[in-house]
1. Just the residues that are in contact with a Leu (Cβ under 8 Å, 6 or more places away or on another chain) and of a type in the set (A, V, I, L, M, F, W, C), please, taken from the range 86-103.
2. Just one of the numbered conditions (1) closer than 25 Å to ASN23 by Cβ; (2) in contact (Cβ under 8 Å) with a residue 12 or more places away in the chain is not true of PRO95; which one?
3. Of all residues in the range 38-61, which are surrounded by fewer than 15 Cβ atoms within 10 Å (Cβ to Cβ) and either over 22 Å from VAL16 (Cα atoms) or among the hydrophobic types (A, V, I, L, M, F, W, C) (or both)?
4. Only one of ALA42, ALA30 is outside any strand (DSSP E or B) and either among the hydroxyl-bearing types (Ser, Thr, Tyr) or within 13 Å of the chain's Cα centre (by Cα) (or both); which?
5. Pick from the range 1-22 the residues that are more than 14 Å from ILE48 (Cβ to Cβ), of a type outside the set (A, V, I, L, M) and outside any helix (DSSP H, G or I): which of them is modelled with the lowest pLDDT?
Amino acid sequence: MRSVHERYPYRAALYVLENEQTNRMVVVHAHRADAEVPPMLAAHLSEIDHLYPELWIDFLAVEGEFGPGLIAQLSERLAVPNNHMFIGTPGAEFPHRIEKLGGVRLIL
């Protein structure tokens, strides 16, 4: 069985292909300064990129806590409105309410 870091990008790619009017997806992984990016994440994204040639996938690892502040920074940096962003279902320990994320959509 694949880990959540392996499964989520596949679900996200399928969601974009089936529901969005874009052929570009930027996967952002936020991490603490003392944490490493999951080593296989970039490899899995490359695999998805090859499986779905009609979808252009970029990967961005950023240091910081995922929440409203980081979403606002990413929105400006990537020139993408918050309501064009989506996240996977956050865990029980996620400290923010979804409605406080500025319109980010949730993929179940």
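1. The answer is PHE86, ILE87, ILE98.
2. So PRO95 meets the others, but not (1).
3. Hits for the range 38-61 are PRO39, MET40, ALA42, ALA43, LEU51, TRP56, LEU60, ALA61.
4. Checking each option against the conditions leaves just ALA42.
5. Restricting to residues being more than 14 Å from ILE48 (Cβ to Cβ), of a type outside the set (A, V, I, L, M) and outside any helix (DSSP H, G or I), the top hit is SER3.
Matching residues to (1) assigned to a helix (DSSP H, G or I); (2) at pLDDT below 90; (3) touching a strand residue (DSSP E or B) at 6+ places or on another chain (Cβ under 8 Å); (4) not acidic (Asp, Glu):
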| residue | (1), (2), (3), (4) |
| --- | --- |
| VAL62 | no, no, yes, yes |
| ILE71 | yes, no, no, yes |
| LEU74 | yes, no, yes, yes |
| GLY91 | no, yes, no, yes |
| PHE94 | no, yes, no, yes |
| GLU99 | yes, yes, no, no |
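The values are calculated or read from the model by the stated rules, or taken from the named source; none is laboratory data. Remember, predicted model here, so these are calculated numbers, not experimental data. A quick note on method: Cβ atoms are made from the backbone with ideal geometry, for glycine too, and the neighbour counts reach across all protein chains shown.
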